[in-house]
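Step one of this worksheet: look at the structure below.
The values are calculated or read from the model by the stated rules, or taken from the named source; none is laboratory data. Nothing here was measured: the structure is a model prediction, and the numbers come from that model. Here the Cβ positions follow ideal geometry from the backbone for every residue, glycine too, while neighbour counts run over all protein chains shown.
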Amino acid sequence: MIRRREFITLISGAVVGWPFAAHAQRPVLPVIGFLDLRSPDTVMDRLRGFRQGLKETGYVEGENVAIEYRFAENQSARLRELATELVRRQVSVIVTGGPTPTRAAKAATTEIPIIFLVSDDAVRLGLVTSISRPDENLTGINIFNAELATKRLELLRVLVPSIKQVAVIVNSTEAQLTERQLKDVEAAARVMGMQTRSHNADTSSEINLTFEKLGRERPDAVFVGASPFLNGRRVQLTQLAAYHRLPATYAFRDFVEAGGLMSYGSNIVDAFRQAGVYAGRILKGAKPSDLPVVQSSKFELVINAETARMLGLTLPPSLLALAHEVIE
């Protein structure tokens, strides 16, 4: 028979041991910080690609890695605060989508590795000094979409041969991206005998006002620049282009999936998969300087045939032969 004092001692010992047992069963997981300008619903496909890359390196969210998400909801002023939150959280690595979130993360930490995904040369953007051997705590993926502006305009010309006037919609908050794209589009347009007129659209209201103006001016086509903000407003942009019956070209396929006419650019989901692979490698001990900036090599032309018919456009066989996908 166990005496009362022995019983209390036995129970006390067991209680003291419980937290240690629970701790042993639930080890502390490494944490990835994910920082993006947009809202969660606009990047779901990209997150799937990112998680796939993590899985390829042996990490599954909720099982052996945790992810802290920070979305600025298209309010760039919030990015610095959100980046600081991730640093305070002591995440193991920060993943950023676009130059502005990357700069916010870079300003917040010089120690935590940062994996960026940008649309232009990372050296030109001032993020790293070397592509092959990044310095400091940054590396990532260049999806080249800002550098494909000329090709996008050429493909639009194939679909709409009569183009003379092109409206170019850009996001001025991404100053370097905007400058590069405008320079390339204007140069290509001159060679093809076109005229361009640029329009800044930095808010949802400015997008509406821009299309009101385009509805009056009636350009022959619209060129939507590559930027995280404009991508986050893709439904608004494609709906307004359809309402005003304006043929438009975009940088990402999800514009076309939302009803846009055509896109040419990197396979964005695969680019985020590569970011996931890099995040996994850093969790395994790699340093950013060990991981060269990836130059995206998967490009795709996507066309929405239904939108083309709505605009009264006939898809030429030469363009169909180049298309990776035609959405019916």
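Some points to look at:
- Exclusive hit being in a strand (DSSP E or B), of a type outside the set (S, T, N, Q), within 20 Å of the chain's Cα centre (by Cα) and closer than 14 Å to R152 by Cβ, set F223, F255: F223
- Flag for L240 being touching a Pro at 6+ places or on another chain (Cβ under 6 Å), buried (at least 16 other Cβ atoms within 10 Å of the Cβ), over 30 Å from V28 (Cβ atoms) and not hydroxyl-bearing (S, T, Y): no
- Odd one out for L138, checked against (1) without any contact (Cβ under 8 Å) to a residue 24 or more places away in the chain; (2) in the same structural domain as I114 (by TED's automatic domain parsing): (1)
- Index of the failed condition, A286 passing every other in (1) in contact with a His (Cβ under 9 Å, 6 or more places away or on another chain); (2) assigned by TED's automatic domain parsing to the domain that holds F71: (1)
- Count of the range 283-328 residues, restricted to those that are of a type in the set (F, W, Y) and more than 19 Å from S266 (Cβ to Cβ), is 0.
- Matching entry among L177, L153 (being closer than 30 Å to V93 by Cα, outside any strand (DSSP E or B), assigned by TED's automatic domain parsing to the domain that holds L313 and not acidic (D, E)): L177
- Any hit, the range 200-219, residues being in a loop (DSSP other than H, G, I, E, B), under 21 Å from N304 (Cα atoms) and in the same structural domain as R152 (by TED's automatic domain parsing): yes
- Contacts under 9 angstrom Cβ, first residue in the range 97-125 being touching a residue at least 24 places away in the same chain (Cβ under 8 Å), partner among the acidic types (D, E) and crowded, with 23+ Cβ neighbours inside 10 Å, 6 or more apart: G97/D36; G98/D36; G98/E174; P99/E174; T100/E174; P101/D36; S119/E174
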